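Trainee: I have a structure here, written as structure tokens, and I will follow up with some questions on it.
The values are calculated or read from the model by the stated rules, or taken from the named source; none is laboratory data. Quick caveat: nothing in here was measured; it's all calculated off a predicted structure. FYI the Cβ positions are ideal-geometry reconstructions off the backbone, even for glycines, and counts take in every protein chain you see.
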Amino acid sequence: GYTQIRFVLDQGVGVITLDRPERLNSFTAVMHAELARALDELEAHAGLRGVVITGAGRGFCAGQDLGERKPPEDGSRRDLSEILAKSYRPLIMRLRALPVPVVCVMNGVAAGAGASLVLACDVVFAVESARFIQAFSKIGLLPDAGGTWFLPRLVGSARAMGAALFGEAVSARQAEAWGLIWRVVPDEALADTLAEVTATLAAGPTRAYGATKAALHASSGHTLAEQFDLECRLQRELGYTDDYLEGMQAFAQKRVPAFKGR
Ligand code: T3D
């Protein structure tokens, strides 16, 4: 079982709920271990159609649990690189590598590595009252868990610098206007958004989704010519899928396609 997250796999869609609401779902060693186990299950699931990540309570995720980082009484210093390499790095890299969309439904504030987790997701919905805080500078650190990679790519270096250096809260509306997230939804639409996103992923053309994710992720390191090569290779594979045949038949017959994810 799980104690600091909830994890359900239904109709091929894995839903992960960060579940330590009294500490705004901040990351602990236990939560990292449980997320790694959920990822094991997701990666092993042959019929996976998508992943949804959300949080319990009023926050999405407040980053590293600072209760686990009590300053040592003797004033000794700590090597943070090992912690990052063993917990945050695999979490973010594995989510990015999943062959299905990972959608974040942000139920509240995301701070520090919690914000990086949001930005690692392929699509982000956020309730109107949610906000982003690049809290790292406030404790003398730099944005980690991929934060310095995601931020400038999503919003450009001027906004990335301002947000990262000054650590001011960025509202969900502002984040939407900047292109940091896909869409703001009303607070009262949280449950409906979760249900709709899950249903969309469960009924989606999963192979096409996976290829789209892979191609968009690869694009920032590619020339246009390299991207053409990748698109051709992926489109060639998609041309042989059942879902493409179904999509073409549904179009010709003027009906909604019934995709099987293969
Ligand atoms: O060490 C390494 O592994 C390196 C990697 C670091 C990665 C990181 O993520 S570093 C950044 C860590 N996160 C932060 O610095 C954010 C800390 N939290 C906040 O700044 C605020 O809580 C928020 C801006 C996120 C929300 O503010 P607000 O006013 O809505 O809520 P609150 O009252 O501050 O928080 C509610 C409770 O959650 C509170 O506990 P209490 O007073 O009710 O007993 C608060 O202490 C607790 N909480 C919030 N964030 C954390 C936390 N407890 C532990 N760790 C937290 N990160």
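Trainee: Are any residues in segment 19-73 of a type in the set (D, E, K, R), at pLDDT below 95 and either surrounded by 14 or more Cβ atoms within 10 Å (Cβ to Cβ) or more than 9 Å from the ligand (Cβ to nearest atom) (or both), and if so, which ones?
Mentor: Residues satisfying the conditions are Lys70, Glu73.
Trainee: Applying the selection to segment 43-92, what residues are farther than 15 Å from Gly114 by Cα, within 18 Å of the chain's Cα centre (by Cα) and assigned to a helix (DSSP H, G or I)?
Mentor: Correct list: Glu43 only.
Trainee: Separate question: Just one of (1) more than 19 Å from the chain's Cα centre (by Cα); (2) of a type outside the set (A, V, I, L, M); (3) under 30 Å from Asp243 (Cα atoms) trips up Ser157, so point out which.
Mentor: The one condition Ser157 does not meet is (3).
Trainee: Among the candidates Leu194, Leu245, which residue alone is assigned to a helix (DSSP H, G or I) and loosely packed, with under 15 Cβ neighbours inside 10 Å?
Mentor: Leu245
Trainee: On to the next question. Report, by residue number, each residue of segment 202-228 that is farther than 21 Å from Leu154 by Cα and exposed (fewer than 12 other Cβ atoms within 10 Å of the Cβ).
Mentor: Listed by number, the residues that qualify are Ala225, Phe228.
Trainee: Name the single residue, out of those in segment 178-191 being under 19 Å from the mean Cα position of the chain (by Cα) and assigned to a helix (DSSP H, G or I), that is surrounded by the fewest Cβ atoms within 10 Å (Cβ to Cβ).
Mentor: Ala191
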